[in-house]
Amino acid sequence: MPKTISLKTKLADVNYIADENLATALQLAIDLKRPLLLEGEAGVGKTEIAKSLATVLETQLIRLQCYEGLDAASAIYEWNYQKQLLSIKVSESQKQDTTKVEEHIFSEKFLLERPLLQAIRQKKSPVLLIDEIDRADSEFEAYLLELLSDFQVTIPELGTIEATSIPQVILTSNGTRELSDALRRRCLYSYADFPNQEQELEIILARLPNIEPLLADQISRFVQALRKEELEKIPGMAETLDWAAALTGLNIRSFDGDLERIQQSLICLLKTETDLKSITPIVTSRLAGKAA
């Protein structure tokens, strides 16, 4: 069996439905030991890919959630200042040599590992998820280049720490800012799009095995049509699954029933006031009619 098909099957076994392009990108990233940059709209399941891959590979998932202002202290390492201060006070009381004290407080004993350093010091290669890299400042990307090129981290007080194992790195981006060419060159690339109707149905059935097949089919068709409406926030796969679970909990077996409760349940799909107001009962009835 080709590796790509095998990986796709293994992902399906943990309820992640990957298309051929994504399965190929993941397999190449594994074989070549290269980071994989996944771009796409929010809600298409990029983060879930990393979680599922870690499960398939039976390894640890280490996640770095990016945000504006993220720096090396939060992402790579920092010193345990409180513990260092306490040690200095004890050393002063014992009148220890200043040079020896400095060497002692800048040792491994006082080092706090953050996700990037933690990832390269595992005995077994983990999956390192650098989530929403586009939310971090462009300057932060420079911190990543050494890691992604050589899988090592330089700590001035300790020197260069080389990787014990090479993590499988997945970076995600929602495209809120352009990433640097230097970062892109170090990564393989894949674009994660919203699933088509057949894929969405397959995902619903995999994640909610007790759902009525007819309802699952109607939900997938409804959401596909809903995404074509003028919305501020297009619902992703997570919203689809929330809605499917809600409808099942309301004992709705098909769209032929209670349109009022279906309308009320749209709070699972629509996440802004404008979108809730724009999808009126008339629109819901039209979309439900197409889905039935």
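The values are calculated or read from the model by the stated rules, or taken from the named source; none is laboratory data. All figures in this text were calculated on a predicted structure; none of them were measured in a lab. Virtual Cβ from ideal backbone geometry, glycine too; neighbours counted across all protein chains shown.
Residue count for segment 119-136 under the criterion of being surrounded by fewer than 19 Cβ atoms within 10 Å (Cβ to Cβ) and either of a type in the set (A, V, I, L, M, F, W, C) or more than 18 Å from the chain's Cα centre (by Cα) (or both): the result is 4.
Residues checked against (1) aliphatic (A, V, I, L, M); (2) more than 24 Å from Thr59 (Cβ to Cβ):
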site	(1), (2)
Lys124	no, no
Asp134	no, yes
Glu139	no, yes
Leu158	yes, yes
Ile161	yes, no
Thr176	no, yes
Cys187	no, no
Ala192	yes, no
Gln199	no, yes
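So if I check each of Gln60, Gln84, which one is touching a residue at least 24 places away in the same chain (Cβ under 8 Å) and either within 20 Å of Thr172 (Cβ to Cβ) or small (Gly, Ala, Ser) (or both)? It would help to see each step written out before you state the result.
Details: Gln84 fails: either within 20 Å of Thr172 (Cβ to Cβ) or small (Gly, Ala, Ser) (or both).
Exactly one of Gln60, Gln84 is touching a residue at least 24 places away in the same chain (Cβ under 8 Å) and either within 20 Å of Thr172 (Cβ to Cβ) or small (Gly, Ala, Ser) (or both), namely Gln60.
Where residues in segment 258-270 are within 31 Å of the chain's Cα centre (by Cα) and surrounded by fewer than 16 Cβ atoms within 10 Å (Cβ to Cβ), which of them is nearest to Glu229 (Cα to Cα)? If we take residues in segment 258-270 being within 31 Å of the chain's Cα centre (by Cα) and surrounded by fewer than 16 Cβ atoms within 10 Å (Cβ to Cβ), then Ile267 is nearest to Glu229 (Cα to Cα).
Report the residue count in segment 57-75 for those that are charged (D, E, K, R) and either buried (at least 21 other Cβ atoms within 10 Å of the Cβ) or at pLDDT 95 or above (or both).
Step one: list which residues in segment 57-75 are charged (D, E, K, R), which gives 58, 63, 68, 71.
Subsequent filtering for residues that are either buried (at least 21 other Cβ atoms within 10 Å of the Cβ) or at pLDDT 95 or above (or both) retains 58, 63.
Adding up the residues that qualify gives 2.
Taking segment 168-179 as the range and being surrounded by 15 or more Cβ atoms within 10 Å (Cβ to Cβ) and either at pLDDT below 95 or farther than 23 Å from Leu116 by Cα (or both) as the test, the residues that pass are Asn174, Leu179.
Any residue that is in contact with a helix residue (DSSP H, G or I) (Cβ under 6 Å, 6 or more places away or on another chain) and under 15 Å from Asp71 (Cα atoms) - is there at least one of those in segment 133-144? Yes; the residues of segment 133-144 include at least one that is in contact with a helix residue (DSSP H, G or I) (Cβ under 6 Å, 6 or more places away or on another chain) and under 15 Å from Asp71 (Cα atoms).
Scan segment 220-235 and tell me whether some residue there is in contact with a Ser or Thr (Cβ under 6 Å, 6 or more places away or on another chain), part of a helix (DSSP H, G or I) and crowded, with 17+ Cβ neighbours inside 10 Å. Talk me through it step by step, then tell me what you get.
At the first step, the residues of segment 220-235 found to be in contact with a Ser or Thr (Cβ under 6 Å, 6 or more places away or on another chain) are 223, 232-233.
Adding the requirement that they be part of a helix (DSSP H, G or I) leaves 223.
Narrowing further to those that are crowded, with 17+ Cβ neighbours inside 10 Å: 223.
Checked against the condition, which is being in contact with a Ser or Thr (Cβ under 6 Å, 6 or more places away or on another chain), part of a helix (DSSP H, G or I) and crowded, with 17+ Cβ neighbours inside 10 Å, segment 220-235 yields at least one hit.
Which residue is surrounded by the fewest Cβ atoms within 10 Å (Cβ to Cβ), if the candidates are limited to segment 1-56 and must be among the basic types (Lys, Arg) and touching a helix residue (DSSP H, G or I) at 6+ places or on another chain (Cβ under 6 Å)? Here the residue is Lys3. Somewhere in segment 271-290, is a residue within 24 Å of the chain's Cα centre (by Cα) and either of a type in the set (A, V, I, L, M, F, W, C) or in a helix (DSSP H, G or I) (or both)? Among the residues of segment 271-290, not one is within 24 Å of the chain's Cα centre (by Cα) and either of a type in the set (A, V, I, L, M, F, W, C) or in a helix (DSSP H, G or I) (or both), which makes the answer no.
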